[in-house]
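Colleague: Sharing a structure here in C-alpha cells format.
The values are calculated or read from the model by the stated rules, or taken from the named source; none is laboratory data. All of these numbers come straight from a predicted model, not from anything done at the bench. Cβ coordinates were reconstructed from backbone atoms using ideal geometry, including for glycine residues, and neighbour counts include every protein chain displayed. Ligands, DNA and RNA are excluded from the accessible area calculation, which covers all protein heavy atoms including side chains. Shrake-Rupley method; radii C 1.70, N 1.55, O 1.52, S 1.80 Å.
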Amino acid sequence: MASKESAVLGEMYKTWVATMAQRPDMTLEETRAMFEHWGDVTGEPGGVDYIEVDCDGVPAMWARPKGCNETRALLCTHGGGYMVGSMYSHRKMFGHIAKAVGCPALIVHYGRSPENLHPGPVNDSVKAYKWLLAQGLKPEHIAFTGDSAGGALAITTLLGARDQGLPLPAASIPISPWTDMEITGGTVSTNEDKDHFVKRAVIEHMSATFLGEGGNRKDPLANPLYADLKGLPPFYVQVGGDESLLDDSRNFVSRVEAAGGEVKIDIYPEMQHVFHFLAGTAPEADKAIADMANWVKPKLGI
C-alpha cells in the first residue's frame, strides 16, 4: 500500500492538470513557471553543492555531494516533455541521486522546444557528454540517468554518442522514460484514471511541439523503440505502476532484451510519474534511489 507521504505528488499533478484545463490560453512562459515548482515536493538532500557551468555552450549544473568520488560522474537529463522543467526544477532530485551514488551529477539544461526542436535536445546532451570526457573523466566512470523525456534522453544520448563514434558510458538508468512518440502503449488507456498527470492529450501536444511540423514519430533519436539497441551499456529502468507511460518502459525493455542487451526493470506499485521527486519525503522514492545506487555503484567502480 502506498505511503500517505507519496500522495503529495499526485495532488500536485491534479492541480496542474486542472490549472491547464481552466486556462487553455496559458503562455509557454506561464506553463514553464508552474513546472519550476516540481521540486517543491522534494526534500533538500543537504551536503550537496550546486555549481553552474558552461559545457561548450550548453548550460548545466553540478550537484556535488560533500566528500564524493570526483573521478566518477552521472550525466542527468531532466524531464518535462522537452518543453518544461529545468536543471533548477530537478536540482534536489538529482542531488539525492548523486548523494546516494557517491559522485557528482551534471544536470544538463538542454534547449527546450519549441525553440530547440528535435534533435536539438539530443545534440545538446551529447555535447555535454563530450564536455565531460574532455574534463578527463573516463567513459567507464560515467553513467546516464534522466526522467520522462530526460529518461528517453538517457537512451537517445547513447545513440547520438555512438553515431558520433564516442566511447560509451558504463550504464544508463532511465526513470519513467517517454520512449513512444506514437503512443501505442496500452497503459495510456488502462492507467488513464490512475495517472494524475500524463494524459493522452498532454503526450500528443508535447510530442507534436518537440518534433515540429512534419516530424517523424519513428525517428530512433526521438522514439528509441525503433533504434538499433545492440551493443549498448546495461540499462536499469524504474517506473511507477500507476503510470500512463508504464508500457513505454516495458516495451523498451523488451526491445533491449530482443537485441541481446543487459536490462533490469523495477515497477513500483501505485506510484505516479517520476515519483522520485518525493526523495527525502516519501519512502518509496528513497527506496528507488537506493536501488538505483546499489545497481550502478559496482558498474562505476565505487
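Colleague: Just add up the charged neighbours of MET20: K/R +1, D/E -1, any other residue whose Cβ is under 13 Å from the Cβ of MET20.
Modeller: +2
Colleague: Please give, to one decimal in nm, the separation of the simple spin-label points placed at ALA7 and LYS264, each 7 Å out from Cα toward the Cβ.
Modeller: For the pair ALA7/LYS264, the computed spacing is 3.3 nm.
Colleague: With N denoting the number of residues in the range 29-155, provide Rg(C-alpha) divided by 2.2 N^0.38 Å, to two decimal places.
Modeller: Values: Rg = 13.6 Å, N = 127, 2.2 N^0.38 = 13.9 Å.
Here the answer is 0.98, to two decimals.
Colleague: Next question. Which of the peptides 128-137, 21-30 is most tightly packed, and how do the rest follow, judged by the mean count of other Cβ atoms within 10 Å per residue?
Modeller: 128-137, 21-30
Colleague: Let me ask something else. Can you give me the Rg/Rh ratio for the range 151-282, using Cα atoms for both radii and the Kirkwood formula for Rh?
Modeller: Details: Rg = 14.6 Å, Rh = 15.2 Å.
Looking at the range 151-282, the ratio lands at 0.96.
Colleague: A further question on this structure: For the range 157-224, report the convex hull volume of the alpha-carbon atoms normalised per residue, in Å³, without decimals.
Modeller: Numbers: hull volume 6.8 nm³, N = 68.
So the per-residue hull volume is 101 Å³.
Colleague: Each residue of the range 38-44 in order: what ³J(HN,Hα) in whole Hz does its phi give by Karplus 6.51 cos²θ - 1.76 cosθ + 1.60, θ = phi - 60°, with x for Gly and Pro?
Modeller: 3, x, 4, 8, 8, x, 5
Colleague: From the cross-link list LYS99/LYS130; LYS66/LYS92; LYS130/LYS297; LYS66/LYS287; LYS4/LYS287; LYS4/LYS199, which pairs have alpha carbons spaced over 19 Å apart?
Modeller: Pairs exceeding 19 Å: LYS99/LYS130; LYS130/LYS297; LYS66/LYS287; LYS4/LYS199.
Colleague: If you don't mind, another one. Highest first, please rank the peptides 66-79, 211-224, 148-161 by the mean number of other Cβ atoms sitting within 10 Å of their residues.
Modeller: 148-161, 66-79, 211-224
Colleague: Pick out which of LEU166, LEU278, LEU232 has the largest mean-square fluctuation in a Gaussian network model of the chain, springs linking Cα atoms closer than 10 Å.
Modeller: Fluctuation is largest for LEU166.
Colleague: Sticking with this structure for a sec: Measuring with a 1.4 Å probe in the full set of protein chains, what accessible area per residue, in whole Å², belongs to the chain?
Modeller: Computed with neighbouring chains in place, this is 38 Å² per residue.
Colleague: Determine, at each q value in 0.16, 0.20, 0.24, 0.26 (inverse angstroms), the log₁₀ of I(q)/I(0) that the Debye formula gives when each Cα of the range 4-78 is one equal point scatterer.
Modeller: -0.85, -1.03, -1.15, -1.22
Colleague: At ARG162 and ASN216, where each label point lies 7 Å from the Cα along Cα→Cβ, what is the point-to-point distance in nanometres?
Modeller: Reported label-point gap for ARG162 and ASN216 is 1.7 nm.
Colleague: Now for a separate question. Heavy atoms only, probe 1.4 Å: what % of the accessible area of the range 84-139 goes to carbon and sulfur, would you let me know? List each step's numbers first, then the result.
Modeller: Working: 860 of 1690 Å².
Carbon and sulfur atoms account for 51 percent of the accessible area of the range 84-139.
Colleague: Roughly how compact is the chain, stated as its Cα Rg over 2.2 N^0.38 Å to two decimals?
Modeller: Numbers: Rg = 17.4 Å, N = 302, 2.2 N^0.38 = 19.3 Å.
Taking the Cα Rg and dividing by 2.2 N^0.38 Å, one obtains 0.90.
Colleague: Next up: Please turn the phi angles of the range 263-268 into ³J(HN,Hα) values with the Karplus equation 6.51 cos²θ - 1.76 cosθ + 1.60 (θ = phi - 60°), one per residue in order, whole Hz, x for glycine and proline.
Modeller: Whole-Hz 3J(HN,Hα) from phi for the range 263-268: 8, 10, 10, 10, 10, 9.
Colleague: Taking amide H positions as placed 1.01 Å from N in the peptide plane, with prolines and chain starts having none, which residues 5 or more places from ILE107, or on another chain, fall under 5 Å of its amide H?
Modeller: Those lying under 5 Å, H to H, from ILE107 are MET61, TRP62, ALA63, CYS76.
Colleague: Also, quick follow-up: Enumerate the calculated ³J(HN,Hα) couplings along the range 228-243 in order (Karplus 6.51 cos²θ - 1.76 cosθ + 1.60, θ = phi - 60°), each rounded to whole Hz, writing x wherever the residue is Gly or Pro.
Modeller: 7, 9, 6, x, 8, x, x, 10, 10, 9, 10, 7, x, x, 9, 7
Colleague: For CYS68, enumerate residues with amide H under 5 Å from its amide H, sequence gap 5+ or separate chain, H modeled in the peptide plane.
Modeller: It is none; the list stays empty.
Colleague: Something else now. Once both labels are modelled 7 Å past Cα along the beta-carbon direction, what's the LYS138-SER254 spacing in nm?
Modeller: Spacing of the two 7 Å Cα→Cβ label points: 3.8 nm.
Colleague: Distance between Cα centroids, the range 116-154 to the range 256-302: provide it in whole Å.
Modeller: 19 Å
Colleague: On to the next question. Counting only residues 5 or more places away or on other chains, whose amide H sits under 5 Å from the amide H of ILE265 once H atoms are built in the peptide plane?
Modeller: Those qualifying (amide H under 5 Å, at least 5 residues apart or on another chain) are VAL237.
Colleague: Let me check the size of the range 44-110 from its C-alpha atoms; what are the radius of gyration and Dmax in Å?
Modeller: 11.2, 34
Colleague: Once you list every other residue whose beta carbon is under 13 Å from the beta carbon of ALA170, what net charge do they have if Lys and Arg are +1 and Asp and Glu are -1?
Modeller: Details: positive: ARG72, LYS138, LYS297, LYS299; negative: GLU140, GLU262.
That sum, taken over residues with Cβ under 13 Å, equals +2.
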